[in-house]
């Protein structure tokens, strides 16, 4: 399963913000998420009108572990502090993850 989050500006960054602060914060977020058990890969880039993070999860339960992780929490706080917030959040399941729940024919 993939989790795709689009982050967009919801306020101005602090006046003394360095030009590369968002890049450093998203690199930190990606590194923290990658350390959580059940996460296959986490990447970020620019698109969809903002900054997009894409992570591969083994299951929905992995999301709970990501949210509880202190490194992830610290990185997200930095991102929020830069005036960015979550605009869209999508989970995309693979066929293998969905098939057990479909009616058998």
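Looking at the range 30-41, is at least one residue in a strand (DSSP E or B), without any contact (Cβ under 8 Å) to a residue 12 or more places away in the chain and either on the phi > 0 side of the Ramachandran plot or touching a strand residue (DSSP E or B) at 6+ places or on another chain (Cβ under 8 Å) (or both)? Spell out the reasoning first.
From the range 30-41, those in a strand (DSSP E or B) are 39-41; that's our starting set.
Still in the list and also without any contact (Cβ under 8 Å) to a residue 12 or more places away in the chain: none.
There is no residue in the range 30-41 that is in a strand (DSSP E or B), without any contact (Cβ under 8 Å) to a residue 12 or more places away in the chain and either on the phi > 0 side of the Ramachandran plot or touching a strand residue (DSSP E or B) at 6+ places or on another chain (Cβ under 8 Å) (or both).
Checking each residue in the range 94-105 for being surrounded by fewer than 13 Cβ atoms within 10 Å (Cβ to Cβ) and touching a residue at least 40 places away in the same chain (Cβ under 8 Å) picks out only 94.
Which of the residues belonging to the range 42-64 are part of a loop (DSSP other than H, G, I, E, B) and under 10 Å from the mean Cα position of the chain (by Cα)?
none
Checked against the criterion of being under 30 Å from residue 15 (Cβ atoms) and in a loop (DSSP other than H, G, I, E, B), the range 94-102 contains not a single residue that satisfies it.
Scanning the range 74-93 for residues that are surrounded by 13 or more Cβ atoms within 10 Å (Cβ to Cβ) and part of a helix (DSSP H, G or I) yields 74, 75, 76, 78, 79, 80, 81. Checking the condition exposed (fewer than 14 other Cβ atoms within 10 Å of the Cβ) and closer than 21 Å to residue 17 by Cα, which residue from 61, 45 passes? The unique qualifying residue is 45.
Of all residues assigned to the range 48-55, at least one qualifies as being surrounded by 13 or more Cβ atoms within 10 Å (Cβ to Cβ), on the phi > 0 side of the Ramachandran plot and modelled with pLDDT under 95.
The values are calculated or read from the model by the stated rules, or taken from the named source; none is laboratory data. If you're wondering where the values come from, they're calculated on a predicted model, not measured in any experiment. Methodologically, a virtual Cβ is constructed for each residue, glycine included, from the backbone with ideal geometry; neighbour enumeration extends over all protein chains shown.
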